[in-house]
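J.: Structure incoming, see below.
The values are calculated or read from the model by the stated rules, or taken from the named source; none is laboratory data. The shown structure was predicted, so the numbers you read here are calculated from the model rather than taken from an experiment. Here the Cβ positions follow ideal geometry from the backbone for every residue, glycine too, while neighbour counts run over all protein chains shown. Accessible surface areas use protein heavy atoms only, side chains included; no ligands, DNA or RNA. Shrake-Rupley method; radii C 1.70, N 1.55, O 1.52, S 1.80 Å.
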Amino acid sequence: MTQHLEGDWLELATASGSTIRVLKAAHPRARRLRLTVTPKGARLSYPHGTHPAQVSAFLRHHADWLERKLDELHLIVKPLPPLRVGVPTEFPLRGETVQLDWAEGPYPRVDASEGAITLVIPRPHTRAVPVARGLLASFFEAQMRRDVSRWLAGYVPQLGLAPTALRIRAMKSLWGSLDTRDRINLDLALALAPPAALRYVLAHELCHLKVRSHSPRFWVQVEGIFPDWREQRDWLRLNGAWLKTELDRLIADVAD
């Protein structure tokens, strides 16, 4: 198992190719090093002044236990097969597993049917993978915009406020955000999640139009327009790393 330091995170790469990310944080009242695992992920807390080498050694010592606990919660990202021309694969779409197939045609396009997606790529195949990634990114965005436009029609009258724009792109860690110009940003990986998870993130960001913080008043707003928010938030916490990894292998290198 190898280890790399990245800001406030420790990354562990296991022999099987899985990656474990551990949030590390000094705690003012901590008297010893402590490793905890929750549905949100792994966290390593330690007293102020602890030497980095001691933190690393502690984590290595507990690596097997950590991997086992994260695997129980399905939080370890397993290596996924890369996207290859002509090689069928499976991936999640709107919370359901779909089959990805390939075909040749006069122009690039996505043919979608129930439970299956076909990428039609013309010859020559010299740039087939970048073309395929672009097709998938556009297809995912179109799916999300279709859902979001329908939900906005119900939410905007309820809130009495509307975003100035909607931007959909791959985001490294967030699921969504609301910027200072009232533009909503949504993570493209939500196209792979069940529609209810996407709807929760949309409702969450819309409620920030009224309350910019995560105060109790904010969560009252969320509860008012999306009562099942806790279930969807927990689903994203459990499955988020997997979704983002799936999106990365499907559309990696596509410009934001």
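J.: If you roll a 1.4 angstrom probe over the protein chains with everything in place, what fraction of the accessible area of the chain belongs to carbon and sulfur, to the nearest %?
T.: Values: 7330 of 14110 Å².
Of the solvent-accessible surface of the chain, carbon and sulfur hold 52 percent.
J.: Given the alpha-carbon gyration tensor of the chain, what are the semi-axes of its equivalent ellipsoid in whole angstrom, ordered largest first, with each equal to the square root of 5 times an eigenvalue? Walk me through the numbers on the way to the answer.
T.: Numbers: eigenvalues 233, 160, 43 Å².
Sorted largest first and rounded, they come to 34, 28, 15 Å.
J.: Quick check: pseudo-label points 7 Å beyond the Cα along Cα→Cβ at Q158 and S173, how many nm apart are they?
T.: About 3.0 nm separates the two model spin labels.
J.: Moving on. Kindly report the accessible area of the range 94-165 per residue (heavy atoms of protein chains, probe 1.4 Å, no ligands, DNA or RNA), in Å².
T.: Details: 3950 Å² over 72 residues.
For the range 94-165, the solvent-accessible area averages 55 Å² per residue.
J.: Also: Excluding same-chain residues fewer than 8 positions from K69, which aspartates and glutamates have a Cα within less than 20 Å of its Cα?
T.: Those aspartates and glutamates meeting the cut-off are E11, D234.
J.: Can I ask one more? I need the calculated FRET efficiency for the pair A116 and A165, taking r as the beta carbon distance and R₀ as 45 Å, to the nearest 0.05.
T.: Working: r = 33 Å, r/R0 = 0.73.
The formula returns an efficiency of 0.85 here.
J.: Here's a follow-up. Would you mind telling me the antiparallel percentage of the DSSP bridges in the chain, rounded to 5? Present the calculation step by step, with values, prior to reporting the outcome.
T.: On the way: 29 of 45 bridges.
Bridges in the chain are about 65 percent antiparallel.
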